[in-house]
Amino acid sequence: MPQGFTLLFTHRDLPVQPTPTVTVAWKRFSAALSLDSAMAAPLLARLSRAYQTGDRHYHTLEHVIDCLSTLSSYPSPPSPLSIELALWNHDAIYDPNRSDNEAQSALFMESEFAAAELDPQILGQAKALVLATSHKETASNEAEAIIADVDMAILATPPARYLQYTQQIRKEYSCFDDASYRVGRSTFLKTFLSQSQIFQTAHYRDMFENRARINMGEELKRLKAKDSD
């Protein structure tokens, strides 16, 4: 791993084994990458360990599986192996106190897959796609737009799931007091709601835009109501 790059456990002594759903999805993907089992199994173990680092409630491998499910609806995505590789790794490093999680996750992926002898083009594209999940800039190509939209699909889930998601995010940001959290979360919501479109691909915009705006608007109302309590 890059110098100074460390994974620290804060609430588990030993990693939990990947769920059957994760294991099946990884076996399919590692086969598509032509990784032999002797290399694929340790890679999944280390990836699972990374996703159990810190106090996670939303940014888990279950989120990755949800992203893969969303991706499966996209007709003929470009660079599909790069997109999926990026999805598996995009939240490998996650710390609510940092602003460089995506960059660190890209470094993690680069380090972990260095010995896998992947096509350099696949790995290079995947690195750029992990960075695209920071949602700080408009996508520069279709693949970046796809992964950004897939990562944000949670915003358009049914109200009960969306509420659960907001509760999971609040737990991950438990290091912040309620007032500070409401300010930060409200800024996040207002930033996206002020955009002409939240989702960058026509496919996902048609599927998710309206529902996402309703969910986010309702959450913003709840946050404002707590400010006035």
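The values are calculated or read from the model by the stated rules, or taken from the named source; none is laboratory data. A quick note: this is a predicted structure, and the numbers were derived from the prediction, not measured. With ideal geometry, Cβ positions are generated from the backbone for all residues, glycine too; neighbour counts draw on all protein chains shown. Only protein heavy atoms, including side chains, enter the accessible area calculation; ligands, DNA and RNA are left aside. Shrake-Rupley method; radii C 1.70, N 1.55, O 1.52, S 1.80 Å.
Got at least one residue in the stretch 123-141 being open to solvent by 60 Å² or more (accessible area, probe 1.4 Å), closer than 20 Å to N215 by Cα, in a loop (DSSP other than H, G, I, E, B) and of a type outside the set (K, R)? No, that holds for no residue. When A160 is tested against (1) surrounded by 16 or more Cβ atoms within 10 Å (Cβ to Cβ); (2) assigned to a helix (DSSP H, G or I); (3) not charged (D, E, K, R), only condition (1) is not met.
Basic (K, R), part of a helix (DSSP H, G or I) and farther than 29 Å from H203 by Cβ: does that describe R28? So R28 does not fit the description; no.
The residue that is least open to solvent (accessible area, probe 1.4 Å), among those in the stretch 21-63 that are β-branched (V, I, T) and out of contact with any helix residue (DSSP H, G or I) (no Cβ under 7 Å at 6 or more places or on another chain), is T53.
If the condition is being buried (at least 20 other Cβ atoms within 10 Å of the Cβ) and in contact (Cβ under 8 Å) with a residue 60 or more places away in the chain, then the stretch 96-121 contributes F108, F113.
Cβ-Cβ contacts under 8 Å between residues 6 or more apart (or on different chains), taken from a first residue in the stretch 151-172 that is more than 12 Å from H59 (Cα to Cα) and in contact (Cβ under 8 Å) with a residue 40 or more places away in the chain to a second residue that is of a type in the set (S, T, Y) and open to solvent by less than 20 Å² (accessible area, probe 1.4 Å), are listed as A153/Y204; L155/Y162; T157/Y165.
Considering only residues in the stretch 64-95 that are without any contact (Cβ under 8 Å) to a residue 24 or more places away in the chain and not in a loop (DSSP other than H, G, I, E, B), the one that is surrounded by the fewest Cβ atoms within 10 Å (Cβ to Cβ) turns out to be S69. Restricting attention to the stretch 196-217, report how many residues are in a helix (DSSP H, G or I), out of contact with any Leu (no Cβ under 9 Å at 6 or more places or on another chain) and open to solvent by less than 90 Å² (accessible area, probe 1.4 Å). Result for the stretch 196-217: 6.
When K171 is tested against (1) open to solvent by 70 Å² or more (accessible area, probe 1.4 Å); (2) not in a helix (DSSP H, G or I), exactly one condition is not met: (2).
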